[in-house]
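Where a number appears in this text, it was derived from the coordinates with a stated rule and is not lab data. Since we're looking at a predicted model, the values are computed, not measured. Cβ placement follows ideal geometry from the backbone for every residue including glycine, while neighbour counts extend to all protein chains displayed.
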Amino acid sequence: MNDVIGLAPWLIGFPLIGAAVLLLGGRATDRWGHWLGVLASGAAAVVGFILLFRMIGTPAEERAVDHSLGTWLSAGGLDVDLGLRLDPLSMTFVVLVTFVGTLIHIYSVAYMDHDVDRRRFFAYLNLFVAAMLTLVLADSYLLLFVGWEGVGVASYLLIGFWDTGRPTARENAVAAKKAFVMNRVGDMGLIAAMAILFATVGSVGFADVLPAAGGLSEGTATAVGLCLLLAACGKSAQFPLQAWLGDAMAGPTPVSALIHAATMVTAGVYLMVRSGPILEAAPTAQLVVVVVGAVTLLFGAVVGTAKDDIKKALAASTMSQIGYMMLAAGLGPAGYAFAIFHLLTHGFFKAGLFLGAGAVMHAMGDQTDMRRFGGLSRFLPITWITMGLGWLAILGIPPFSGYWSKDGIIEAAFIPVDGQPWRAWVFGTVAVVGAAITAFYMTRLFFMTFGGRRPRWTENQHPHEGSPLMWWPLVFLGVGSAGLGLVLGIGGTFTTWLEPVVGHAEHHEPVLPVPVIIGATLVLVLLGAALAFRMYAVQLVPEEAPRGSFLTRAARRDLYQDAANETLVVLPAHGIARLVQVGDRDVVDRGWGVLPLAVSWFGAMFRKVQTGYVRSYAAGMAGGVLVIALVAWLVVRLGAGLGGAQ
Amino acid sequence: MTPAGLEISGGETVLFWVVAPLMVLAALGLLFVRRAVHAAMCLVFVMISMAILYIAQEAPFLGVVQVVVYTGAVMMLFLFVLMLVGVDASDSLTETIRGQRWIGLLVGLGLALVLGGVVGRAAFPPGAGLAGGDPAGVANPQALARVLFGDYVLAMEAVGVLLVTAAVGALVLTHRRRLTPKQNQRTVAEARVKALTEGVSLTPLPSPGVYATSNAMDTPALGPDGEQIPQSVSRVLRIRGQERPAPHAGVALVDADAPTGAAAPRRGEEDV
Amino acid sequence: MEITNYVVLAAVLFAIGATTVLLRRNAIVVFMGVELMLNATNLAFVTFARLHGDLTGQVLAFFVMVVAAAEVVVGLAIIVTIFRTRRSASVDDVNLLKG
């Protein structure tokens, strides 16, 4: 491992250089810039695979390596080393980010073909890859924070990428700002967590903090855990900071695939798993994590059932799937491996689904309303098959990859924690119900797009497959969606792989026998899928959305998340701001206004002295001389008088 | 203190008491005469008297320099500028700034009192005199030169630079850059014709009136309509208010007994 | 006669010069007042030189004359320039700095 560790900084270096060249090179790089972006990402992927294979060839206990790059900051009691931590967890992310990232880069070359700002797009993509790799490779919370903010910036830039010249430019810019601001709320959590850690442990490096987590008082651990959870909620669009993800679909579709499905939004899960020892020291925080995961899981699933916009439906699905991962991350060592496993498989199949959605939109002239699709399977066979693989994977049909990871999470959810069977029942049921709803909305999405007896296209549309640059990445991701779970899941390969990082999980029995859980899940999933098939493939899909039940209408409006934010946060903030403004204007400004008034009054008085007549000034001077002479004379007289008195 | 001390001769005393009051009178002339030229002449008198006093006070070199530099150069410069600027309403002694006259007089009087008081109350050492105090016993210009080119040579050089700078500065200040094309006789004529509509006369201005009772520069000519033509009187006289009305202005003939020229009221001073 | 009579004369001339500066409106006459003040100080210098038996006083008077000459040159140039642009030699007409 140590012979190739020197390559690790290049993982970040290649895309960073790519971004720098593209951003600083300006229009001169327009012609070949996109290929430079692909190359930078591809080079990082190659380095990632070299490191991965070397790591596989190393004994399990030697796989975690800290590669120090020297001291970064040294301020008083705080010394932070600039270093990278390579271990199975970060390597998993590196491979996911670079491999999927490179596929999406290639896809984007074709997808963004007609965009005048394609070079800038690739610069941002490279910047994102560099920041994401910094995030996962960091060996301290501080460096992780750098990557954390870096992906936030890249996300902001890419959501608002089309912020000029389009009819929706304004909405896009607003969506970007919304994502940025809501992420800030989460970032406060991370900063606070770092501050608490520094105050109690005296360091923010993983190597110091994580082993010391067991020694923290439960209150401290809970505080840190909840702060970290807040950060994770912001970045991963978990309840209550979930509102930005749906709007983030304003960005180009490859961005949605890479950032808002496969990688960045899972950073919160990474943070939770990485901080596992801290959470384990704080059972309350763990419970909150699980609750947040469960709530988001159902929230996203319910929203997903009602959305007609293909990207928003997928975004809701992403939120829901990350809810699964969060739930697993809150279950302790038993859940970590499955959280990351699901993250990995989800990265593949969700990226595939998003890219497939992009291909559909590309074919349909940027139409996103699924009620205007239908019957596309004949025209887009490759997209149909690859999205079909992703669909089966997310449903959790064996042997597709989603089955291996999601089933693991459901089983883990049924394991009682601390001997409290109610938790197992509640969260296990939520997970299973979520799987059923997932099956419903994904089947709905799939058949509304590809199935149906007659197309519901609007204009004179001629759907066709895109260039090979677009469908080859789809094929790769489709293969991954189909087989990745089988390869890594059978015999617990992936769980073993992560064991050096997350620790060995003692086997506990779920409250129900495992075959029963699997069977029940499958039955419910098939029921959900069959219901959706009947409603959207067998029956005709109306082109205008029916009014629907109360729940449907609520779900279409994201369960009133924006209204809730507006009422609970924005309006009070406006009220405070207005109060402060009024106070500032009427109290502070008025108060201080007296001073300039006095000054200007004095000015007006003394202005009259400035007659402009040079003779007046001369008179003033001469008078002054006279006065000084008189005073001097008086002083001398008085001095002499006093001297005489003595 | 040299034992010899300073003896002020009776001749010097007489000289002082003759010259000093005249100087003060001439200086007061600066304050009270109306014409700037008269003021300049008053000042010349003060300065020459000052030169006499210098010579009386064992400073013959300074006395000569005073005559040469001040009366010879500086005052001539003043006169030149006076001619250049010409006659002006600012010669008037009317005060325009409210209170300035009283303030000025008060301050001037106060200055005189304070300075005089200080001089009167100060205890001066017995006078030393220069002849006794000069160890080398050389005459005044040489002794002055020794000090000037000895102790004060640097200041001397600096003053030289100052003079050159002042000369250049005056050149720069008074230099006028030509902004318009050069005028020749043709262009001047054309400009006058063009300006006809603005009331500029194409012909020479009418000459002053010539009358049986008076024939002078200060009486305006009468136009065909019997009205006076102000332009016919020199501008300087008009500004000074020294023009007299034409004897027959507006009327065929006034009372023959009245001495029109002398009785004509002078125009009041007016600002132009 | 006391030698201080000369100094008193100088003081009186100085005061008259100052009053001239304050009261006259013609810039050239004002300038003459300044010259009178300078001359008055020169008289005092010369007198003190004689009083103390030290030629430095005369040297200073000499320097004052030179500086005054330079000042006159520049000052008159300024007056001429102002007269050209404003057609007036009155110090009261130059009051652009009125507050």
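Hey, which aspartates and glutamates would be in cross-link range of B:K182, C-alpha to C-alpha under 20 Å, not counting anything within fewer than 8 residues on its own chain?
Once the sequence-local aspartates and glutamates are set aside, what remains near B:K182 is B:E190.
Given R₀ = 56 Å, FRET efficiency for B:A212-B:L109 by Cβ-Cβ distance, to 0.05?
For B:A212 and B:L109, the calculated efficiency is 0.55.
What number in nm² do you get for the stretch A:234-325 if you take the convex hull of its Cα atoms and divide its surface by four?
5.3
Determine the gain in length on full extension of the stretch B:T96-B:L179; use 0.36 nm per residue of separation and subtract their C-alpha separation, reporting nm with one decimal.
Here the answer is 26.3 nm.
When a footprinting reagent is the concern and you count Cβ atoms within 10 Å, what order do A:I385, A:I50 take, fewest first?
If I rank by nearby Cβ atoms, fewest first, I get A:I50, A:I385.
What full-extension length gain, to one decimal in nm, is calculated for A:A598 and A:A173 as 0.36 nm per residue of separation minus the Cα-Cα distance?
Stretched fully, the A:A598-A:A173 segment lengthens by 148.4 nm.
With no solvent and one point per C-alpha, what does the Debye sum give as log10 I(q)/I(0) for the stretch B:74-225 at q = 0.14, 0.16, 0.18, 0.19 Å⁻¹?
Debye intensities relative to I(0), on a log10 scale: -1.25, -1.31, -1.27, -1.25.
Rg (Å, one decimal) plus Dmax (Å, integer) for the alpha carbons of the stretch A:414-564?
Just the Cα atoms of the stretch A:414-564 yield Rg and Dmax of 20.9, 62 Å.
List the DSSP H helices in chain A whose Cα atoms stretch 30 Å or more along the helix axis and whose mean Kyte-Doolittle hydropathy is at least -0.5.
For chain A, where a helix must reach 30 Å along its axis and average at least -0.5, the hits are A:33-56, A:88-111, A:169-200, A:283-306, A:333-363, A:421-450, A:468-489, A:614-645.
For the stretch A:65-172, divide the Cα radius of gyration by the Kirkwood radius and give the resulting Rg/Rh value with two decimals.
Using only Cα positions, Rg/Rh for the stretch A:65-172 is 1.09.
Return the long-range amide H neighbours of A:V65 (sequence gap of 5 or more, or a different chain), with a cut-off of under 5 Å between placed amide H atoms.
Residues meeting the amide H criterion: A:L86, A:D87.
Across bins of 20 angstrom width beginning at 0, how are the C-alpha pair distances of the protein assembly as shown distributed, in whole percent?
Result returned by the calculation: 11, 27, 13, 9, 19, 17, 4, 0.
Please turn the phi angles of the stretch B:104-119 into ³J(HN,Hα) values with the Karplus equation 6.51 cos²θ - 1.76 cosθ + 1.60 (θ = phi - 60°), one per residue in order, whole Hz, x for glycine and proline.
Ordered by residue, 3J(HN,Hα) equals x, 5, 4, 5, x, 4, x, 4, 4, 5, 4, 5, x, x, 4, 4 Hz.
Could you work out, residue by residue across B:62-71, how many beta carbons of other chains sit within 10 Å of that residue's beta carbon, and then give the average as an integer?
4
Could you give the semi-axes, largest first, of the ellipsoid that matches chain C, computed as the square roots of 5 times the alpha carbon gyration tensor eigenvalues and rounded to whole Å?
33, 15, 8
Listing A:T458, A:T443 from the residue with the fewest other Cβ atoms within 10 Å to the one with the most, what is the order?
Going from sparsest to densest Cβ surroundings: A:T458, A:T443.
Roughly what % of Cα-Cα distances in the stretch A:170-289 sit above 19 Å, to the whole percent?
In whole percent, the long-distance tail amounts to 47.
Taking N as the number of residues in the stretch A:282-556, what value does Rg over Cα atoms divided by 2.2 N^0.38 Å take?
Compared with the compact-globule rule of thumb, the stretch A:282-556 sits at 1.01.
Remind me, what semi-axes does the stretch A:352-438 give for its equivalent ellipsoid, largest first in whole Å, using sqrt of 5 times each Cα gyration tensor eigenvalue?
Its equivalent ellipsoid spans semi-axes of 36, 13, 9 Å.
Quick one: order A:M319, A:M55, A:M132 by neighbouring beta-carbon count within 10 Å, fewest to most.
A:M55, A:M319, A:M132
Any idea how far the Cα center of the stretch A:24-91 sits from the one of the stretch B:14-62, in Å?
Going from one Cα centre to the other spans 97 Å.
Mean projection of the alpha-carbon convex hull of the stretch B:188-237 over all orientations, in nm²?
4.4
Distance in nm between label sites at B:L163 and C:N5, each 7 Å beyond Cα in the beta-carbon direction?
Output for this residue pair reads 3.5 nm.
Only Cα pairs under 8 Å and at least 6 apart count here; give the relative contact order of chain A as a rounded whole percent.
For chain A, the relative contact order is 12 percent.
Set the Förster radius R0 to 51 Å, insert the Cβ-Cβ distance between A:R607 and B:F80 as r into 1/(1 + (r/R0)^6), and round the FRET efficiency to 0.05.
In this case the efficiency is close to 0.80.
Working out 0.36 nm times the residue gap between B:S201 and B:A189, then minus their Cα-Cα distance, what length gain in nm do you get to one decimal?
3.2 nm
Can you pull the Rg over Rh of the stretch A:555-627, Cα-only, Kirkwood?
We get a ratio of 1.60 for the stretch A:555-627.
Across chain A, how many lysine pairs, 8 or more positions apart or on different chains, have C-alpha atoms separated by under 21 Å? Please give the number.
14
Between A:S140 and residues 5 or more places away or on another chain, which pairs have amide H atoms under 5 Å apart, with H built 1.01 Å from N, and which residues are they?
The list, which skips near neighbours in sequence, is A:F206.
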